[in-house]
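These notes concern the structure reproduced below.
The values are calculated or read from the model by the stated rules, or taken from the named source; none is laboratory data. All of these numbers come straight from a predicted model, not from anything done at the bench. Please note: Cβ atoms are built from the backbone with ideal geometry, for glycine as well, and neighbour counts cover all protein chains shown.
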Amino acid sequence: MLRPTIEDALSFRLRVRRRVVLSAGITGAAFSGAFLSRSVWFPDARFHPDESMVLWMALDAVRNAHIPDHGLISSYTVFQPPGFVWLTMPFVALGGGRPEVVIVAFALLNAAAIAVLVATVARFWGLVYAAVLGSFLVVGPDAFISTWIWHPSLYTAAMALLLTAGIRLRLGSAWWAAVLVAVPGLYALIHYSGFVLFASALPLLVLSRRSWSTLRLPLSVGAVLAACAWVPFLSFEVDRKWVDLRTLVDAAGTSGSLGAKLHARLDALRFAVSHLGYPPYGSVQLTRVMWALVVLAVLAALIRRRWRDPGFALPAAMLASGVAAQVALGQGWRLDVLMLWLVPMYALAAWAVVQCVALARLAVARSAVAPAIAVAAVILVSVVGSRDLSISIRATPFEDRLSDKWQAARANAPVYYEAGIYPQRSANKLYLPCDPPYDTGSEIWYLEDVLHPGAGRRLALENGAFRLRRPCTRS
């Protein structure tokens, strides 16, 4: 048996050091790029009543030192849990309610989760996989949504944490299982779509190949953490006779015969699959690149019999189970919820590039073809994604941008309040008496309230924003 020479040991150490340096560089580039692509253009971010309502609830909670027990009114005319308000409260307190601070904070949260995922992939699945995945995460369609202060704004962070936990659970600590329970439970407090994440977490637990005896304690801790966070909203539901949760459960079903229900689900499945990778505000060219690589990944897994490769199996299981659960719950038509599955699609696309690089290395030994494929893929994704992001930013109407709202608020411009003309179509009347005003125009009052505490609510009261509600009795 040959003993390793000093030269072999030094060569191995240099290779390890080089890999560590490259991994750190890819992770740092992914973090910096993701943060910049989600934060530097905040003056052009969309700012609508949904955003101002969340921030105003958080601002009221900070000023009055209370914990909110409910959030926005959803499209099903039921109250959302208060998780989104809770999430924004520290940043609202830090910035005095300024939306820019919250936008930058969301960018940091997304970038941090992306960096953790990219570092994990670089360690366990390779540098090429990490580089291509990182390029998708930096300029993907989700980057544009990050600034909206909307429930999909942190989908990327949540899915990145889930995939990270799934990867590390296979070879690392069993406590990563707690993340697979806590993240869906806590995200459901931000938006009910978070419940669908449990469907993606389950196959990650199964594919971890861990015995359930080793997972029992971590899963219990994660479940207890999520359950404790739900206590305020459940108390709120008790006072409302569970009307919000009952309405939500009823909305998940479809009326009619079993055949009609099955037909509706199949139609929703066709819609969901055909719209995967598309953001809710329009189409982007990067989706075509991503879909081509996803199809290539599936073909490679079948032809090369690599479907058991964790780099393919984990994201594929997340994608398939998540979409199936979304359709089964009657949410297949929701373009916003479909954005949950961007991260596993990015991962599948990156795996396809890895297979192309591997085949190039086998076909042409000691050639620069294989590295060139990886570099070309990163450049293609970065260029196409950056162009999509630029087009999306320019397409935002000026009157919907945060900068325009600030200009109106600072100038004390007259507010056109939509609910005064169409009160029967307004969600404003559904809110509780002490909640902030809602509907078009209220976002300017919010900014005026940030500039001059109390002024925005006074103007809203004078303009009839609360006339459809009972008087507020909060002291």
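Might you let me know whether region 427-443 holds any residue that is part of a helix (DSSP H, G or I), modelled with pLDDT of 90 or more and not hydroxyl-bearing (Ser, Thr, Tyr)?
So far as region 427-443 goes, yes, one or more of its residues are part of a helix (DSSP H, G or I), modelled with pLDDT of 90 or more and not hydroxyl-bearing (Ser, Thr, Tyr).
Consider region 433-442. How many of its residues are surrounded by 24 or more Cβ atoms within 10 Å (Cβ to Cβ) and either under 18 Å from Val62 (Cα atoms) or of a type in the set (Lys, Arg) (or both)?
Qualifying residue count for the region: 2.
Which ones in region 209-232 are of a type in the set (Val, Ile, Thr) and touching a helix residue (DSSP H, G or I) at 6+ places or on another chain (Cβ under 6 Å)?
Within region 209-232, just Val221 meets the criteria.
Which condition breaks for Ala264 when tested against (1) of a type in the set (A, V, I, L, M, F, W, C); (2) in contact with a helix residue (DSSP H, G or I) (Cβ under 9 Å, 6 or more places away or on another chain); (3) closer than 29 Å to Ile190 by Cα?
(2)
Looking at Pro310 and the list (1) farther than 25 Å from Ser146 by Cβ; (2) touching a residue at least 60 places away in the same chain (Cβ under 8 Å); (3) crowded, with 24+ Cβ neighbours inside 10 Å; (4) not β-branched (Val, Ile, Thr), which single condition is not satisfied?
Only one criterion is unmet by Pro310, namely (3).
Each row is one residue, and each column tells you yes or no for (1) on the phi > 0 side of the Ramachandran plot; (2) surrounded by fewer than 20 Cβ atoms within 10 Å (Cβ to Cβ); (3) touching a residue at least 40 places away in the same chain (Cβ under 8 Å); (4) in a helix (DSSP H, G or I).
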{"position": "Thr77", "(1), (2), (3), (4)": "yes, yes, yes, no"}
{"position": "Trp86", "(1), (2), (3), (4)": "no, no, yes, yes"}
{"position": "Glu100", "(1), (2), (3), (4)": "no, yes, yes, yes"}
{"position": "Ala105", "(1), (2), (3), (4)": "no, yes, no, yes"}
{"position": "Ala111", "(1), (2), (3), (4)": "no, no, yes, yes"}
{"position": "Val138", "(1), (2), (3), (4)": "no, no, yes, yes"}
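Which one of Ser208, Ser173 is surrounded by fewer than 21 Cβ atoms within 10 Å (Cβ to Cβ), closer than 23 Å to Ile114 by Cβ and not aliphatic (A, V, I, L, M)?
Result of the check over Ser208, Ser173: Ser173.
Looking only at region 148-169, decide whether some residue is in contact with a strand residue (DSSP E or B) (Cβ under 7 Å, 6 or more places away or on another chain) and assigned to a helix (DSSP H, G or I).
Yes.
What pairs come up if the first residue lies in region 257-281 and is surrounded by 14 or more Cβ atoms within 10 Å (Cβ to Cβ), the second is of a type in the set (A, V, I, L, M) and assigned to a loop (DSSP other than H, G, I, E, B), and their beta carbons are under 8 Å apart, counting only those six or more places apart or on different chains?
Correct list of pairs: Tyr278/Val284.
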